[in-house]
Amino acid sequence: MGRPEKVRLGEILIQQKLLTEEQLRSALEEQKKSGRRLGRVVIDKGYVPEEQISRALARQLNIPFISLKQYNTRREVALKLPETQARRFRALVLEDTGRTCRVGMADPTDLLAYDEVARALKRDIELAVVTESELLSTIDRIYRRTEQISGLAQELEAEVGEAAVVDFGALALTPGLEEAPVVKLLQTVFEDAIQARASDIHVEPQEKRLHIRFRIDGVLHLQTEADAKIASAVVLRLKLMSGLDISEKRLPQDGRFNIKVRNTQVDVRISTMPVQYGESVVMRLLHQASGMLGLDRIGMPAGMLARLREVIHRPSGMVLVTGPTGSGKTTTLYAALGELNTYERKIITVEDPVEYRLPGINQVQVNEKIELTFARVLRSALRQDPDVILVGEMRDPETVETGLRAAMTGHMVFSTLHTNDAVSTPVRLLDMGAPRYMVALSLHMVIAQRLLRVICESCATEHSLLPNEREWLRLELGDGVDGHRYKRGKGCTHCNATGYMGRTGIYEVLEMTAPVVEAANQADVREFMRVARGQIGENTLRRHAAQLVAAGTTSVEEAMRICNQFED
């Protein structure tokens, strides 16, 4: 098709009976006040879903609608339009036939954008309609900074030259630092990590190369390699940003700093460690805008969720969430706090570090250097008349006993512990020296959890079970194992060729019912574990993982990978 005609979105939505006259008037009034586009106002008010608006435009203009979730966008084609113009004009090149280009636009009636895109591509354009949210998500994924990072690393390498040591302290005080290659390199690395949904950045010096890796959905991916001689400059700059001692290279250090990427505030927790060829740095990225999930969104089965809600609304007791680092424990605890956070409750958290800022909650940062320990803060917190207390981790016997005592004296206490499953958690508390009667009376619920990667919707395909996979599932699903259609992700541009996009939780819950409490009071640990396993029944981590496989949420390969981490 040629240049599109200007049309009125409101009239189109009314003609296609997606919007009423009254809703249109309300949306137009809001548009005049806010200055936002009419389509965005209609979506934000909940009158019409975004995809329906895009489909209505496509029907009116007689052009195709394309769902970018299902479309395998080719990066080399999309890059024919520079990122600045793609974002400004909300346009993405989808196909290039040599004579024409198929371009997806969020607003194909924007004649100025059409002309500018045609001028930039120097081709005739065939339009398609795409939703703005999917367009922006695809742009974030396509315009990754991989080549730019490699180029900046080479530029920094040229600046460092053959020098073994860089006086970065002097460099930090010079004007125009923002143009220094190391600063541009780090800025680009952070932008790329945010776009790739990375939770951690690993900077690792090897004998001849510097590796920069991203952890995405719990799995590490190599982002770039550079010459090892730039490692000291990168590490020194990160130490300066986080206020660490740049002269100390023999001891581990921890710190934090804030960055702003595309109007998104991100807290960065940094840990340095001396290794064979320099200092290794790991940075955890904490997104302030997307840190909190509600209990309904963490993926817990309905039956377990109902039991959890009943327990956390009790006036006192202790709830422990267990699992290894990166298993989503903090997310679950914050979701519970979010549900309890009302004006009628005083909530105090004791954390190391404070990961997400929660309005209306008193959060305390532990500082071992000045002896502000978990146990010390917890004792002080009890004198602040709290209703709910969150202790970041049960690290030592003093913290355990103080937390259990608080749960006995009218406080609801939340905390985490590193154990493999729910059943072994009370036993672990006993091993840490907690009195048996305290564990039996104070502990109300234990939640064990892990995170599984979710199959990418854009490249999900049917999967025929291998013999070992069928046998693994048969242990949980029984004879019904062949009654399900299994899926796997074949890999596409949406998921960076991994076949997975995002993660969800698997859970098991041990509730301290009367028989379990009675068994906990006995000296026989084996008898207690037998009774506790009977209370959990079939609702184990492994069973939940198998159910997600049967539902097509994750692959059997991913379920086996995660479950094998905690099975003997």
How high is the FRET efficiency between Thr513 and Gln70 when r is their beta carbon distance and R₀ equals 60 Å, given to the nearest 0.05? 0.80
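Per 0.36 nm of contour for each residue apart, how much would the distance between Met529 and Ser464 grow if the chain were fully extended, relative to their Cα-Cα spacing?
19.7 nm
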Volume per residue, Å³, of the convex hull around the alpha-carbon atoms of region 457-568? 121
Taking only the alpha-carbon atoms of the chain, the convex hull volume per residue, in cubic angstrom, is 213
Those trypsin sites (Lys or Arg not before Pro) in region 369-423 that DSSP places in a loop and that have at most 15 other beta carbons within 10 Å: Arg383
From DSSP H assignment alone, runs of 4+ in the chain each adding -39500 (n - 2.57), the sum over residues rounded to the nearest 500 puts [θ] at 222 nm at -11500 deg cm²/dmol
Given a 1.4 Å probe and heavy atoms of the protein chains only, how would you sort Met432, Met438, largest accessible area at the top? Met432, Met438
Taking the Cα centre of each part, how many Å lie between region 522-543 and region 239-284? 42
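How much net charge surrounds Ile201 when only the other residues with a Cβ under 10 Å from the Cβ of Ile201 are counted, with Lys and Arg +1 and Asp and Glu -1?
Working: positive: Arg213, Arg215, Arg284; negative: Asp192, Asp200.
Its environment carries a net charge of +1.
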Given Lys80/Lys490; Lys239/Lys329; Lys184/Lys249; Lys184/Lys329; Lys32/Lys184, which pairs have Cα atoms separated by over 32 Å? Lys184/Lys329; Lys32/Lys184
Output the Kirkwood hydrodynamic radius of region 293-437, Cα pairs only, in Å rounded to one decimal. 15.5
Are there cysteines in the chain with no second cysteine's Cβ under 4.7 Å away, and if so, which? Cys101, Cys563
Excluding ligands and nucleic acids, what accessible area in Å² is computed for Met283 using a 1.4 Å probe, to the nearest 10? 0
Over the chain, relative contact order from alpha-carbon pairs under 8 Å, at least 6 apart, %: 9
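Return the inverse of the average 1/r over all pairs of distinct C-alpha atoms in region 291-341, which is the Kirkwood hydrodynamic radius, in Å to one decimal.
Working: mean 1/r = 0.0868 Å⁻¹.
Its Kirkwood hydrodynamic radius stands at 11.5 Å.
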Within region 545-560, backbone nitrogen closer than 12 Å to the virtual label 7 Å beyond the Cα of Arg485 toward Cβ: 552
Heavy atoms of the protein only, probe of 1.4 Å, neighbouring chains included. What is the accessible area of Lys45 in Å², nearest 10? 80
Please report, for the Cα atoms of region 1-139, the Rg to one decimal and the Dmax as a whole number; what are they, in angstrom? 15.1, 47
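Ranked by accessible surface with a 1.4 Å probe, highest first, in what order do His221, His411 come?
Numbers: His221 50, His411 25 Å².
So, going from the largest accessible area down, we get His221, His411.
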Please report, in Å, the Rg and the Dmax of region 201-251, where both are computed over Cα atoms only. 12.2, 35
When the convex hull of the Cα atoms of region 395-500 is projected onto a plane and the area is averaged over all directions, what value comes out in nm²? 10.5
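Would you mind getting the Kirkwood hydrodynamic radius of region 403-462 from its Cα pairs, rounded to one decimal in Å?
Numbers: mean 1/r = 0.0717 Å⁻¹.
Final number for the Kirkwood radius of region 403-462 is 14.0 Å.
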For region 351-413, what does the equivalent ellipsoid look like in terms of its semi-axes, each the square root of 5 times an eigenvalue of the Cα gyration tensor, given largest first in whole Å? 17, 16, 10
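Counting only Cα atoms, I'd like the Rg/Rh figure for region 173-270, Kirkwood definition for Rh.
On the way: Rg = 13.6 Å, Rh = 14.4 Å.
Value, to two decimals: 0.94.
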Any idea what angle helix 329-340 forms with the longest principal axis of the chain, computed on alpha-carbon atoms, 0 to 90 degrees, nearest 10? 90
Could you work out, for region 441-485, what percent of all Cα-Cα pairs fall into each 5 Å distance bin, beginning at 0 Å and stopping at the bin that holds the largest distance? 5, 14, 15, 17, 18, 11, 7, 5, 5, 2
Does anyone have the angle between helix 302-312 and the longest principal axis of the chain? Alpha-carbon axes, 0 to 90°, nearest 10? 60
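The values are calculated or read from the model by the stated rules, or taken from the named source; none is laboratory data. Owing to the predicted nature of the structure, the values given are computational and were not obtained by experimental measurement. Methodologically, a virtual Cβ is constructed for each residue, glycine included, from the backbone with ideal geometry; neighbour enumeration extends over all protein chains shown. SASA here: full protein model, heavy atoms, side chains in, ligands and nucleic acids out. Shrake-Rupley method; radii C 1.70, N 1.55, O 1.52, S 1.80 Å.
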